[in-house]
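Scroll down for the structure; my scribbles are underneath it.
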Amino acid sequence: MRIAPVAALQGHVAVPGDKSISHRAVLIASLCEGETRISGFGRSADTEATIAAVRALGVRVEEDGRDALTVHGRGLHGLTLPQEAIDCRNAGTLMRLLSGVLAGQAGRFELIGDESLSRRPMERVAEPLRRMGADVETTDGHAPLVIEGASLRAVDYALPMPSAQVKSAVLLAGLLAVGRTTVVEPVPTRDHTERLLERAGARITRRPGSVSVDGGKELRLADVEIPGDFSSAAPFLVAAATVPGSAITVHEVGLNPRRTGLLDVLERMGARIAVYNRRSVGGEPAGDVEVRSSDLVGATVGGDEVPALIDELPLLALVACHARGETVVRGADELRLKETDRIEAIVEELRRIGGHVRATRDGFRVKGVPARLRGGMVDSRGDHRLAMLGAVAGLSSREGVELRGADAADASFPGLYELLEQIAPGSVHYPPAA
């Protein structure tokens, strides 16, 4: 696929429902009593894996259109043994959160994934679940996972690193445990799980630096409305910030403050950002975000900020290439454990198209120039975040970008290129059919 450069971008878009919330909504609804109606479901390869997983566990899921589901919950301990291993495909959120759910179910469960997911660390979620009484086996610290459910005991668990997925797994296991389970965080991470559990009637206690859940409380969740995915909005916001003369508004997007660190950094860099129509959608803050192009300057991002923009760091590196001066990102070593080593991938792919970027142990440094990058070839390496990076780089370059592995974006954002074409007609050139 080739993404051609554009003179400017103007327009309004709406993005699919939040992937993180979509995973959690289906999993939590499966543990509820009665029906849960989900609207705004963010359909992607990853979230479809979650639907398939709960169906394999005996949960009936009705698909009422592309973005609407009805989940017929089976209660806290009502999941059934599947006939074969549950395939999480490339969905790390699914594998880790489902591990917490299965730790308190009766039976022996196996979770598998694709080659990429099987390289990602899983001992970090296995260890606290073992403390709670489950028997969890990893394969040299990775998938496949084998989980023997047990009667769980509550624990106080301090996360060794910021991880919303591990926090969520422990909280979901805590629903099935006797007593109060507490997770202590080194820095705040996204809190979608806590918000949904509160709405479902779980006893959640929040304190600075920790969150607790009381086990055994029956859950009911009639309706869940999911706002637009901020991580899917990010490519359009970054394109508007970096292509001169641009202005883009993304409507009805989630604005959870633990997810929108990119906006904070862009503002420090000089981007013109406005948020309109703030409201609550499904218990999450949401609104319409407008970004207009402007002269940008470099910025420093520290480890305390990283969890709130971990998924947007590849795009931030692209922004930094267009900003005057140096941008430094520290405390982002978690990027080395994603679908690819994202630090090395960001550096290598941006260098190919003219960026001045170098890797550090836990992040990267960018020497920006307020001009368009040359362009060239970007390889997604099978990573959806790198596919998004390549697409936006093509729009903001001088010569365009040949994007290899463009379909990797389908993991989280199947309609990315159609929306790009909507705001930049003629920019997306598909390869000829074989």
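The values are calculated or read from the model by the stated rules, or taken from the named source; none is laboratory data. As the structure is a computational prediction, the values presented were derived from the model and not from experiment. Glycine also receives a Cβ, built like all others from the backbone with ideal geometry; neighbour counts cover every protein chain displayed. Protein only, heavy atoms only, side chains kept; ligands, DNA and RNA dropped before computing areas. Shrake-Rupley method; radii C 1.70, N 1.55, O 1.52, S 1.80 Å.
Could you work out Rg/(2.2 N^0.38 Å) for the range 357-404, with Rg from alpha carbons only?
1.22
Which residues in the range 242-260 place their backbone N less than 20 Å from a point set 7 Å from the Cα of R206 along the Cα-to-Cβ direction?
Label zone hits: 253-260.
GNM, the chain, Cα, under 10 Å: largest mean-square fluctuation among D18, D214, D114?
Answer for the Gaussian network model of the chain: D114.
Going 7 Å from the Cα of D304 toward and past its Cβ, which residues in the range 155-186 have a backbone nitrogen under 20 Å from where you end up?
Under 20 Å, as judged by backbone N against the label point of D304, lie 159-164, 184-186 of the range 155-186.
In a GNM of the chain with a 10 Å cut-off on Cα contacts, which of A241, A222, A286 has the highest mean-square fluctuation?
For the chain, modelled as a Gaussian network with Cα springs under 10 Å, the answer is A222.
Could you work out how far helix 313-322 tilts from the main Cα principal axis of the chain, as a 0 to 90 degree angle to the nearest 10?
On a 0 to 90 degree scale, this one is about 10.
With mean projected area of the Cα convex hull in nm² defined as stated, name the option among (1) 18.8; (2) 22.1; (3) 20.3 computed from the structure displayed.
(1)
Could you calculate the FRET efficiency of R272 with A4 from 1/(1 + (r/R0)^6), where r is the beta carbon distance between them and R0 is 35 Å, rounded to 0.05?
Computed FRET efficiency for R272 and A4: 0.90.
Grab the beta carbon distance between V178 and R279, set R0 = 41 Å, and tell me the FRET efficiency rounded to 0.05.
For V178 and R279, the calculated efficiency is 0.60.
Report the gain in length on full extension from R351 to E326: 0.36 nm times residue separation, minus Cα-Cα distance, nm rounded to one decimal.
7.5 nm
Restricting to bridges with both residues inside the chain, how much of the DSSP beta-bridge set is antiparallel, in percent to the nearest 5?
So the antiparallel bridges amount to about 70 percent of the total.
Against the longest alpha carbon principal axis of the chain, how many degrees, from 0 to 90 and to the nearest 10, is the axis of helix 384-396 turned?
20 degrees
Go ahead and set up a Gaussian network model of the chain, Cα springs under 10 Å, then flag whichever of G298, G215, G78 fluctuates most.
Maximum among the listed residues: G78.
Distance from the Cα centre of the range 126-197 to that of the range 1-50, in angstrom?
The range 126-197 and the range 1-50 have Cα centres spaced 24 Å from each other.
Can you list the equivalent-ellipsoid semi-axes of the range 55-202, largest first and in whole Å, using the square root of 5 times each Cα gyration tensor eigenvalue?
21, 19, 17
Excluding G375 itself, what net charge comes from residues whose Cβ is under 11 Å from its Cβ, given Lys and Arg +1 and Asp and Glu -1?
+3
Would you please state which residues of the range 329-346 a label at T360 would reach in this model, taking the label point 7 Å out along Cα→Cβ and a backbone N cut-off of under 13 Å?
329-333
May I ask you to give the percent of accessible area on the chain that is carbon plus sulfur, with a probe radius of 1.4 Å?
Ligands and nucleic acids excluded, carbon and sulfur reach 48 percent.
K167: which lysines have alpha carbons under 22 Å from its alpha carbon, excluding same-chain residues fewer than 8 sequence positions away?
K19, K217, K338
Between S151 and A14, what length in nm is gained on full extension when 0.36 nm per residue of separation is reduced by their alpha carbon distance?
Stretched out fully, the S151 to A14 stretch lengthens by 44.9 nm.
With a 1.4 Å probe and every protein chain left in place, work out the accessible area per residue of the chain in Å², rounded to a whole number.
Normalised by residue count, the accessible surface of the chain is 36 Å².
Specify the inter-centroid distance of the range 231-257 and the range 379-434, based on alpha-carbon positions, in whole Å.
Cα centroid of the range 231-257 versus Cα centroid of the range 379-434: 16 Å apart.
Between the helical axis of 230-242 and the dominant principal axis of the chain, each derived from Cα atoms, what acute angle in degrees is found, rounded to the nearest 10?
Around 10 degrees separate the two axes.
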